[in-house]
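See below for the structure under consideration.
The values are calculated or read from the model by the stated rules, or taken from the named source; none is laboratory data. No experiment lies behind these values; they were computed from the predicted model shown. A quick note on method: Cβ atoms are made from the backbone with ideal geometry, for glycine too, and the neighbour counts reach across all protein chains shown.
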Amino acid sequence: MLVREAMNGPLQTIGPEATVRAAVDQMRRKAIKKLAVVEGLDLVGIITATDIATKHDALVADALALDRDRTRWEEDKSDGSGA
């Protein structure tokens, strides 16, 4: 068996400057889990649903940490400690 007989196609691509939202939308529309990232004719990477989920979890954790820091700062400010 040859690779071309087993592969999926046509290749779905996205540019490196596209938003993650655009990648997710394209993956949903095409019912796929991976996109080739191309710049001109060059393959510069691959983005997967797992990549997005992993980064999403990290972004959510960072946002929650910022929110905790803001809450602590506001509490310090209101109790007069001013830190």
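Brief remarks on what is shown
Yes/no per residue for (1) in contact with a helix residue (DSSP H, G or I) (Cβ under 6 Å, 6 or more places away or on another chain); (2) surrounded by fewer than 13 Cβ atoms within 10 Å (Cβ to Cβ):
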site	(1), (2)
A6	no, yes
Q12	yes, no
R21	no, yes
V24	no, no
A36	no, no
L41	no, yes
I47	yes, no
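- For A53: the one exception among (1) modelled with pLDDT under 90; (2) surrounded by 12 or more Cβ atoms within 10 Å (Cβ to Cβ): (2)
- Condition met for A23 (small (G, A, S) and touching a Leu at 6+ places or on another chain (Cβ under 7 Å)): yes
- Restricting the search to helices (runs of 4 or more DSSP H) fully inside the chain and requiring at least 3 residues that are among the charged types (D, E, K, R) gives 20-30, 49-78.
- Residues of region 62-81 include none that is surrounded by 10 or more Cβ atoms within 10 Å (Cβ to Cβ) and in contact with an Asp or Glu (Cβ under 8 Å, 6 or more places away or on another chain).
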